[in-house]
Structure formats: C-alpha cells, structure tokens
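Notes follow once the structure below has been shown.
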Amino acid sequence: MKIAKLQGKIKLESGLHIGGGDDTMKIGGIDNQVIKDVNTDMPYIPGSSLKGKMRSLLEWDTGLVGFGDGNPFSPQYMNGSFPEEKVESAINLMKLFGASIVKKDEEVMEKRKFTLGITRINIGDCKIIEKENQKVSEAKYENVIDRQNGTAQHPRQTERVPAGVEFEYDIRLKIMEGDDEEALKALVRRGMELVENDYLGGNGSRGYGRVSFSNKTEWNE
C-alpha cells in the first residue's frame, strides 16, 4: 500500500454556510450559525462535508443515482440488470468512498468476483487561512416573499463565511495492490471539478457556497 497526498487551498467565490450547533438561544442573535472550531472559534470546512458532496455529485455524474433508490450506492444495486458499462466506474467509486456492506452486497460481490477493502480516500477538516484584518463572518438576512402583496415575511439571519476567505485542504488516497491508481486520482479530480461547478454547504440555490480549488492534479507521496 502507498498513500498519495493532494494539498492546496479552497477559495470562497461566494459566502459559505455550513451549519453548526449552538446550545444557547440569544435574543436578537443569529438564527443559523456556521460551524466553528471549539478551540479557536474560527470557521472551518468539515472533511465529511466535502467528501459527502463529492460522492453525491459523482454518483449523479456517473449515472448511479437512479439505482440506489436515494441511498448511497452499494454493491447490492449491481444486480442482473445493472449495465455492464457502469461496473468499472461503480467499483472505483465504492473503493474510493467506501460502502456499508450487508448480506445482499456480499452476494453480489461474490457473484461478480470483486472486493472493496478499506475506504481509499481520507479528507481532513479544512482549516481557515488567517490573514490580518480579515473578516471571517457576516450576517445575511433571509426572508420569504408574500406572493400577493410582495412584502418580505419571516426575516431571519444566516451567518456566512464571506467570499474571498481561503481554507487549506488535505486529501489522502490509499493505493492498494490491484487498484487503478490513475482512475482513482481522476475520480477525485472530477469530484473537485463538480463541486466547483455546483456548491458546497447549504443554500446553494441562493448563490451560497461557490468555491475554487488551487490544485487538483499534483499529488505527493
């Protein structure tokens, strides 16, 4: 086994909101806060958020979503009617992101004669790159428009990390014996491109969460 590393920066092209829990209710405070590091009180991007977004978009991109009934794709959906031309991409996706294996999965894997092993990708939490005099939080008002009279209703504040802020990302990729290394790396790159063309975090339909990655190809070992 070898481990390849892909590191770089995530730049926010628009405000980002990834929600965080808050155990206190503040009168006049922000309704929807962003997630913050408990030690530094600085926003960060959870690795699980980036990984989950990449996987979801890749399942759409490879045409696997319709087979999973809304669930993450797993071997049990590779039954007799599953298209042969999608087998290789499906196996690589599950190798990369993992799959929760149940008995139905084991039966299909045995029939198709493949194994998955450990999850290949590991995405660390993305820490903010601190800069002097940089604002890392803004409050944006959201509301609902009454369709009949055109007035705003139910105003609420959503906290965002503003455009221009950058985070560091660190992706680790395990390459096991028998893996197609270039195919797995290409899948990671495609996932990052899809995130750039879509959004990260919540409220994407309102323009939130547009990001760009500084490096998608230069791996280190």
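Structure above, values below:
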item: Region 58-103, subset among the basic types (Lys, Arg) and under 23 Å from the mean Cα position of the chain (by Cα), residue modelled with the lowest pLDDT; result: LYS86
item: Unique residue being assigned to a helix (DSSP H, G or I), in contact with a helix residue (DSSP H, G or I) (Cβ under 8 Å, 6 or more places away or on another chain) and in contact (Cβ under 8 Å) with a residue 12 or more places away in the chain when the list is LYS104, LYS86; result: LYS104
item: Residues within region 89-101 that are over 20 Å from MET192 (Cα atoms) and free of Cβ contacts under 8 Å to residues at least 24 places away in the same chain, tallied; result: 0
item: Pick from region 123-152, criterion among the charged types (D, E, K, R) and part of a strand (DSSP E or B), ranking: modelled with the highest pLDDT; result: LYS127
item: Subset of region 16-35 (residues that are closer than 22 Å to ILE123 by Cα and either at pLDDT 95 or above or outside any strand (DSSP E or B) (or both)); result: LEU16, HIS17, ILE18, GLY20, GLY21, ILE35
item: In region 178-214, the residues that are assigned to a loop (DSSP other than H, G, I, E, B) and either of a type in the set (Gly, Ala, Ser) or at pLDDT below 95 (or both); result: GLY178, GLY201, GLY202, ASN203, GLY207, TYR208, GLY209, SER214
item: GLY52 vs. criteria surrounded by fewer than 16 Cβ atoms within 10 Å (Cβ to Cβ), modelled with pLDDT of 95 or more and outside any loop (DSSP other than H, G, I, E, B); result: yes
item: Considering residues of region 157-205 that are out of contact with any Asp or Glu (no Cβ under 9 Å at 6 or more places or on another chain) and β-branched (Val, Ile, Thr) only, the residue nearest to VAL136 (Cα to Cα); result: VAL165
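The values are calculated or read from the model by the stated rules, or taken from the named source; none is laboratory data. The structure displayed is predicted, hence computed values, not measured ones. In this analysis, Cβ positions are derived from the backbone assuming ideal geometry, glycine residues included, and neighbour counts consider all displayed protein chains.
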